[in-house]
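Just below is one structure, and these are the notes that go with it.
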Amino acid sequence: MLRVFATALVLLVLMLTPAVAPAENLDGDGPLTIEDLYLEQDVDIRIIDSQASSSKRANKRLALQTLQAILDDGRVSPDHPEIVPILRGLALEGTGRKVRQGSPTVVNDFPEIRRSAAQLLGQIGGEDARNALVQVLRDDDEPMVLAEAVYALGLIGLNEDNQVTIAIAQMLRNQNSRENPDNNLAYASLLALERIAAATDGIDDVMVIDAVLDIVGHGAYLRFVRLKATETLYHMRGQGR
């Protein structure tokens, strides 16, 4: 009987014990304070910044992977003031910031790094991320980077003074002038324009409309891309038009 009672008592204690103990500080003096948590965040960001500033591609990739992980885990808030500047630098690596090291060849041209940084900027959102992505559209000429950047701009959905849609139109105009434009880039741009139109009640800028019309009539694009362009023109009219 005593053994049964003792077992029941142990189970009751376990049920009343918190499942997750409060985080301890490094000195073992008790739970972490808000200041301690901020210090931990700053340490994480300093490490990522150091990785991102390295001349080695592998370190830059690690910076992006680490940043993605700590954002997913909630260890650093997406609105941390140093995150977007780090990502902006990575998104412009080899375009906005070029390193030649005594030769005419750019040695820090890492399009896959720029692509991953653009994707993260889209996840974070906000005006600063939008501005960084617009700069990517202006500086980059790698289709896979541009496609990621334009899709990210669609996710953010901000288009103050038509800044974003004009940048998209200018990029599309450049693509449409080519003999073999990139279908994935065109499709990503159309998706972005539809999202922005939905968020801003339509797009009526003539430059943007002309760029989409050029896709419709451009024989080098695949048929499904041209059909999507026709559909996008309809969505750009907005709900109240």
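Here, each number is a calculation from the coordinates, and none is a lab measurement. Values in this document were obtained by computation on a predicted structure and should not be read as measured data. Quick reminder, even Gly has a Cβ in these numbers, built from the backbone with ideal geometry, and neighbours come from all protein chains shown.
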Item to complete: Just order 91-98, 117-124 by mean Cβ neighbour count inside 10 Å, highest at the front, would you?
Response: 117-124, 91-98
Item to complete: Rounded to whole Hz and in sequence order, give me ³J(HN,Hα) for the stretch 72-80 from the Karplus expression 6.51 cos²θ - 1.76 cosθ + 1.60, θ = phi - 60°, writing x for Gly and Pro.
Response: 4, 7, x, 6, 9, 6, x, 8, 4
Worksheet, complete the sentence: the stretch 137-241: relative contact order from alpha carbon pairs under 8 Å, six or more residues apart, as a whole percent, is 30 percent
Worksheet entry | Rg/Rh ratio calculated on Cα atoms of the stretch 160-241 (Kirkwood radius) | 0.94
Item to complete: Work out how much length Val106 to Asp205 would gain on full extension: take 0.36 nm times their residue separation and subtract the Cα-Cα distance, in nm to one decimal.
Response: 32.0 nm
Worksheet item: Tally Lys/Arg at +1 and Asp/Glu at -1 over every other residue whose Cβ is under 12 Å from the Cβ of Ala211; what's the total?
Response: -2
Worksheet entry | Restricting the stretch 59-89 to trypsin sites (Lys or Arg not before Pro) in coil, as DSSP defines it, with at most 16 other Cβ within 10 Å | Arg75
Worksheet item: Looking at the stretch 169-241, which GluC sites (Glu not before Pro) are in a loop (DSSP not H, G, I, E or B) and have at most 13 other Cβ atoms within 10 Å?
Response: Glu179
Worksheet, complete the sentence: Here, Asp161 and Val43, labelled 7 Å along Cα→Cβ, have an inter-label distance in nm of 4.3 nm
